[in-house]
């Protein structure tokens, strides 16, 4: 009799996820759920769990084909055009923060570790799996096996540093915003307050007063499956635009186009929540993140933990210094600016989860929560796209040429 199958795999990963949620709730999000779940997966892979666990559920295949792009499109249905346009400061902060991270690592790390490890580790430090795989392949092609392992190890553990620091920053920022809310709430209209409540992965706000070119369908025709079909149409259109303009990744087009289609009225605000499918898409997207930990073995960590810690600490310090400077110049709060930059250490969907969990933990008042989400959620999501989705891929292409000897050497 075979006890292990897809259903047992699903039970195991679900309980790891749930334990993370419980710990986050008990600690009022001071210990992020994604940090707890990542540690459970990591220890599990080292001991009793098969490395194919996430794949065995079938959800990672679902996430890699349509799940993640559909979920990012859902993000676009909870962010307004106005909020997206206001995030130019986030873009500047993230780019400057990454510049500080790369610069400090580039000049200090080679003094205490092999320079090939610096070259292989920097792109994964500034982003996600695409950058890590790019550097792994480049290092293997150059015969640098240790550097190839270092790139994957850096990707696998960097979030463990980013999660708690981000939680500290967002809690501090959130407490300031709650005080600010009580100072400005009387100056806001009921419509403005209602729109703030539409921001969030699981929130359905009342946007009935917002005029849209495409009128809404009667509720009996706008069924959950039809809502998902409309999301699919948005993703399909995004893939076509991505082919026409490949310089911008499809994942970014999913966000931009879904924001526009929501404003036009084609997509429903908070689409997945309205369709009661948010949870399964989020769960699948997160499993694709935790699946990356399977390549991080105890032997790998033992050999490379020193250089990794050095690079992470120096990189975070460099990011923090430049984020502090640019925050002063742009007259924005350093805590939120630093949190925006730290999305480089984990990206989407972790940035969205940490932000929403923090806002939920800080207040039970719907108006306060709406204000917190309207101020922090859009910038955190945009920050993740700037750091992980766009910039890290550019870094990876350049640094990969350096490993192969075809790029500029310093």
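Every read-out reported here was derived from the displayed coordinates using simple, explicitly stated rules and does not represent laboratory data. This is a predicted model, so every value here is computed, not measured. Please note: Cβ atoms are built from the backbone with ideal geometry, for glycine as well, and neighbour counts cover all protein chains shown.
Quick notes on this one:
- Cα pair distances in segment 6-404, grouped into 10 Å bins until the bin that holds the longest one, percent each: 5, 23, 33, 27, 10, 2, 0
- Placing dummy labels 7 Å off each Cα toward the beta-carbon, the span from residue 211 to residue 19 is 5.5 nm.
- With respect to the chain, whose longest principal axis is taken over its alpha-carbon atoms, helix 278-290 is tilted by about 10°.
- The convex hull of the Cα atoms of segment 321-393, projected and averaged over all directions, covers 5.0 nm².
- Folded to 0 to 90 degrees: helix 115-125 orientation relative to the chain principal axis, Cα: 10
- FRET E, pair residue 279, residue 111, Förster distance 45 Å, beta-carbon r, rounded to 0.05: 0.40
- Between the beta carbons of residue 188 and residue 65, assuming R0 = 51 Å, the FRET efficiency works out to 0.75 to the nearest 0.05.
- Spacing of the two label points (7 Å from each Cα toward its C-beta) at residue 145 and residue 301, in nm: 2.3
- Compactness of segment 8-127 is given as radius of gyration and Dmax, 19.2, 49 Å, from Cα positions.
- Gaussian network model of the chain, Cα within-10 Å springs - most flexible of 223, 57, 239: 223
- Highest-MSF residue in the chain out of 137, 28, 222 [GNM, Cα springs under 10 Å]: 222
- In segment 60-199 the Cα-Cα distances spread across 10 Å bins starting at 0 as 10, 24, 31, 21, 11, 4, 0 percent of all pairs.
- Separation of the residue 256 and residue 329 label points, Cα + 7 Å toward Cβ, nm: 2.4
- Burial ranking of peptide ranges 37-46, 243-252 (average Cβ count within 10 Å, highest at the top): 37-46, 243-252
- The helix-only estimate of mean residue ellipticity at 222 nm for the chain, built from DSSP H runs of length n ≥ 4 each weighted as -39500 (n - 2.57), is -23000 deg cm²/dmol after division by the residue total.
- GNM on the chain, alpha-carbon springs under 10 angstrom: the most fluctuating residue among 315, 143, 121 is 143.
- The angle between the Cα long axis of helix 33-46 and the longest principal axis of the Cα atoms of the chain comes to about 40 degrees, rounded to the nearest 10.
- Difference of contour (0.36 nm per residue) and Cα-Cα distance, residue 133 to residue 220: 26.7 nm
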